Amino acid sequence: MSVFVLFIAMASGTALIYDDEMTSYKLLWDDPICDIEVPERLLSSYDQLKHYDLVDRCVRIPVREGTEEEIMLVHSSEYLEVIKSTQTMNEEELQRVSKHYDAVYFHPNTYRCAKLAVGATLQLVDSVMSGKVHNGMALVRPPGHHSQRNAANGFCVFNNVAIAAQYAKRRYGLQRILIVDWDVHHGQGIQYIFEKDPSVLYFSWHRYEHQQFWPLLRESDYDAVGQENGKGFNINVPWNKVGMGNSDYLAAFFHVLLPVAFEFAPELILVSSGYDSGIGDPEGQMTATPECFAHLTHFLMQLANGRLCAVLEGGYHLKSLSESVCMTVKTLLRDPLPQISGEMAPCLSAIESIQNVRAAHKPYWKCLMYEETAPLKDLSTKSQQVMEAQLTQTSTHPTAEQAVGNTNRDEAIKTDKFLESHMKRILFPVPPVKTAASIVSKADAHFLPLSVQVEMEMSAQERKTLVSGFDAELVKEEKALLSLQNVVAVLDKILKKEVCNGIVDASVASVSTTIALKHCFDFGLQRVLCIIVGDMDLELSLDDGKILFMNICQKQQTEKTNSKYRISLNWKEDTERNNFFYAVLGFILPIAYNYQPDLMIIVIGPNRSLGVNGISLLTSLLQGLAESRILVVIQDIEIKLVRSVATTLTGVSIPDFGVYAPASQENVLEIKRLRHQFKQEWKMLQCSVRD
Ligand code: Q9C
Ligand code: ZN
C-alpha cells in the first residue's frame, strides 16, 4: 500500500530579504552629516530579528541586482552613468562626487549595494505579487526615498520604493499603489516622481518645523497635494514640533491616512519604512516607541488584500531601529500585538497639522467631503513666543524628555536602557492557539477555517463545574444555560491565555454577556470594551470605567443618554456596499485606542444594522488592541457571518470588507455630533482645534 502525503501550498507567510553584502560600504572620511548612516544599521536589525527567532519564521528570498532597465524606470541614463563611475574612484574623487549632492557619500561598493537594494525591493514585490507570500520586508542599504531622477540625496542613491511602484505597474498592470512613508524625513524624491500620477498615492509624515528642518523644502508642507491629474494623490503631514509620539502617529492614521486609503482601495502597499521617526533617533527627535510600528503595520495589513512590502529607509539609533524592525516583522507574521503605551492624546501641534491636511484634501476625497474646517493660518507653533519656549521646553509630551535633546552618546545610551526594559514589559508569550470556537450545532463547525480549535461538547458534570459559582438565578432556562456555557468555556481560555480570541454561539446573548463581564472582573481585568451590534440591553449599571459600552444600533435617540462609558451610535448601513469605514476610523477606533482595553467583547444581537462586511471591518481593526483578546458572541448564528469573523480572528486571510461607500449625510451628522460630545473625554477623537 502506498502512502500519499499531500502538501498544501499556501500563500502564507512573510518574506525577509537581506544580504550582508549591503553592509560592504561605509563613510571613508570625516563628515558629521553622513556619519550616522553606518553598516551596523543592517547588522543590528538582523541580529535582533534572530534574537527574537523571527528570521526562521520568514520565507528567505535571495537578493539580486536591479538591472539598468529597472533603475531607468525612475532615473536618467546620465545619472546612472555617474553612479556607475564611482566604482573605480579613489577617495579624493569619491569626495568630489559626493559634494555634488546634498547629504550623500560614496564608497567604491556604493554602486553595487545600491543595485542590490533595488533588486531586493523588486524581489519582495515579485514574492508578494506572485502569491508566494502575503507580505514581507526588505532590509536594504542605501535607502531610497530622497533620491531623484537626476540626483542622489540624503544618503539615498536609487529610489528603491519608487522603482518598485513603477515596476509593479508595468509588470503586474497595477492601477492603484499606495506608498506610506513613515520615515521622519520627507521623501521628496518619491513626491517628485509621482506628483502628476494618480495611480500612486504617496503619503508622508515628516519633521518640518515650518520648513526649518532638512530638506528645508516649501513643497513638503500640507498644501502640496499633487499636480494635474495627480491632485489629491500626494499627502504630506508636516510635523511642526519634535516629540511627536504614539498618539500623534495614530491620530494621523485614523484621521488622514486610513480613511483616504480605504477609499483609494490600493492593490499593493509599499512602505518606505524608516525608523528615524522612532524614539531616540538623533535625526527625528520624536518619541514613538517600537510597538507603535506594530500598530501602523497592522492597520496597513487590512488594505490591498494584505499585500504589503516594507522597505527599510532611515533609522539611526541602532536599538530603536532594530526593535522597531522586529515589531514590524512580528506583526507581518501575524503575531498578536503588544498594547501601545503612553497617554492617548495627540498634541495641539499635531492636531493643527492634521486639520490642515484634511482641509487641503477635502476637494479630492469623499471621506473628507463634509469637513467644515479651513486650513489654520495661525499655528500655535509659529508665534515667536512659542518658538522661544521651544528652546527650553521642546515639547508638551510628558514622555518627550526621554528622547528629546538626544544629541550625544549619553542620551543614546539612556534610550538603550529605556528600550531594554520597555520591550521586556510589553512583549508577552503568544498563546499556543489563536482562535477557539464554541458552536452549539457541531454540524456548523465544519464551515470554520481549519485552524480554529472547536470546543468539545461537555458532559453534565463538566457543565456543572464550569458554571458553578455563577448567578443561578439568571440561568434557570436550559437554553440560557447552554448559551452561558459556550461563552464561559471560550472566555476562560482567553483569560488563561490558552487562546487569543474566540467565537461563540449564544442563543441568549444578553444574559451570557452580562455574566461573562462579571467573570472578567472577578478575574482581575481592569478595562473591558464591550461593543453590542443590534438591539440589546445589558443589566449593567457600571459607570466606573471598567466597562466601555458601545451600542451600534438603528433606532431613534430617545430616552438613551450617552455618557463617557456608555455610548450609543445610531447607524444605518448601506446594504449594497460598506459605509462603515467612516464610523470605525473616525469614531470607534480612536475611542478604543484611547480606552486601551485588556479584553474586547463584541456581541452580535438581533436587528443588527451592520452587515457582515461592517462587522468584519470592525473586528479586523480592533484586533490590534488588548493583545488581540477578542470574544465575539453571536446570537443568531449565520454561516456567512461566523465564517467571516473566524477568518478575521484566525488571520488566515484578510476578509472582504466590501466596496467602499461614503457615509450618508445622516451618518456623517451622527458621527460629528458624537465626536463633538466626546472629544474632551476621548482625546483621540480630536482632528481639528475647533469643532
Ligand atoms: N544639515 C534618510 O533618513 N541630514 N535620510 C542632513 C543637513 C540628512 C536622511 C542635515 C538626513 C538624511 C533616508
Ligand atoms: Zn529619514
Among residues belonging to segment 131-144 that are under 16 Å from SER45 (Cβ atoms) and part of a strand (DSSP E or B), point out the one that is farthest from ligand 2 (Cβ to nearest atom). GLY136
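Yes/no matrix, rows are residues, columns are (1) at pLDDT below 95; (2) in a strand (DSSP E or B); (3) of a type in the set (A, V, I, L, M, F, W, C); (4) open to solvent by 10 Å² or more (accessible area, probe 1.4 Å):
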{"residue": "LYS560", "(1), (2), (3), (4)": "yes, no, no, yes"}
{"residue": "GLU573", "(1), (2), (3), (4)": "yes, no, no, yes"}
{"residue": "ALA583", "(1), (2), (3), (4)": "no, no, yes, no"}
{"residue": "PHE587", "(1), (2), (3), (4)": "no, no, yes, no"}
{"residue": "PRO590", "(1), (2), (3), (4)": "no, no, no, no"}
{"residue": "TYR593", "(1), (2), (3), (4)": "no, no, no, no"}
{"residue": "PRO597", "(1), (2), (3), (4)": "no, no, no, no"}
{"residue": "ILE602", "(1), (2), (3), (4)": "no, yes, yes, no"}
So which residues in segment 54-83 are over 17 Å from ALA168 (Cα atoms) and loosely packed, with under 13 Cβ neighbours inside 10 Å, if there are any at all? ASP56, ARG60, PRO62, SER77, GLU78, GLU81
Selection status of ALA165, under 18 Å from GLY66 (Cβ atoms) and hydrophobic (A, V, I, L, M, F, W, C): yes
Per the filter on segment 269-328, residues within 23 Å of THR415 (Cβ to Cβ), assigned to a strand (DSSP E or B) and either more than 14 Å from ligand 1 (Cβ to nearest atom) or open to solvent by 10 Å² or more (accessible area, probe 1.4 Å) (or both) are ILE279, ALA288, ALA310
What are the pairs with Cβ atoms under 6 angstrom where one residue, in segment 258-277, is closer than 17 Å to ILE190 by Cα and free of Cβ contacts under 8 Å to residues at least 40 places away in the same chain and the other, located anywhere, is in a loop (DSSP other than H, G, I, E, B) and within 16 Å of ligand 1 (Cβ to nearest atom)? Sequence gap at least six, or different chains. none
Has segment 181-203 got any residue that is touching a helix residue (DSSP H, G or I) at 6+ places or on another chain (Cβ under 8 Å), among the hydroxyl-bearing types (Ser, Thr, Tyr) and either in contact (Cβ under 8 Å) with a residue 40 or more places away in the chain or not assigned by TED's automatic domain parsing to the domain that holds SER277 (or both)? no
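Is it the case that PRO215 is within 26 Å of ALA164 (Cβ to Cβ), assigned to a loop (DSSP other than H, G, I, E, B), within 15 Å of ligand 1 (Cβ to nearest atom) and open to solvent by 10 Å² or more (accessible area, probe 1.4 Å)? Give the derivation first.
Values: within 26 Å of ALA164 (Cβ to Cβ): yes; assigned to a loop (DSSP other than H, G, I, E, B): yes; within 15 Å of ligand 1 (Cβ to nearest atom): yes; open to solvent by 10 Å² or more (accessible area, probe 1.4 Å): yes.
Yes, satisfied.
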Does LEU174 fit the bill of being buried (at least 24 other Cβ atoms within 10 Å of the Cβ), in the same structural domain as GLU68 (by TED's automatic domain parsing) and more than 15 Å from ligand 1 (Cβ to nearest atom)? no
Exclusive hit being farther than 24 Å from PHE158 by Cα and away from ligand 2 (no atom under 16 Å from the Cβ), set LEU296, LEU300, LEU268, LEU201: LEU300
Say whether the condition of being at pLDDT 95 or above, open to solvent by 10 Å² or more (accessible area, probe 1.4 Å) and of a type in the set (A, V, I, L, M) is met by at least one residue in segment 185-194. yes
Subset of segment 145-163 that is more than 8 Å from ligand 1 (Cβ to nearest atom) and part of a loop (DSSP other than H, G, I, E, B) - its residue that is most open to solvent (accessible area, probe 1.4 Å): ARG149
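Would a scan of segment 38-48 turn up a residue that is within 16 Å of SER324 (Cβ to Cβ), of a type in the set (Phe, Trp, Tyr) and either touching a residue at least 60 places away in the same chain (Cβ under 8 Å) or surrounded by 15 or more Cβ atoms within 10 Å (Cβ to Cβ) (or both)?
So far as segment 38-48 goes, yes, one or more of its residues are within 16 Å of SER324 (Cβ to Cβ), of a type in the set (Phe, Trp, Tyr) and either touching a residue at least 60 places away in the same chain (Cβ under 8 Å) or surrounded by 15 or more Cβ atoms within 10 Å (Cβ to Cβ) (or both).
The values are calculated or read from the model by the stated rules, or taken from the named source; none is laboratory data. Note that the structure is a prediction, hence the values are computed from the model and not measured. Cβ: placed from backbone, ideal geometry, glycine included. Neighbour counts: every protein chain shown. Note: areas computed on protein heavy atoms with side chains; ligands, DNA, RNA excluded. Shrake-Rupley method; radii C 1.70, N 1.55, O 1.52, S 1.80 Å.
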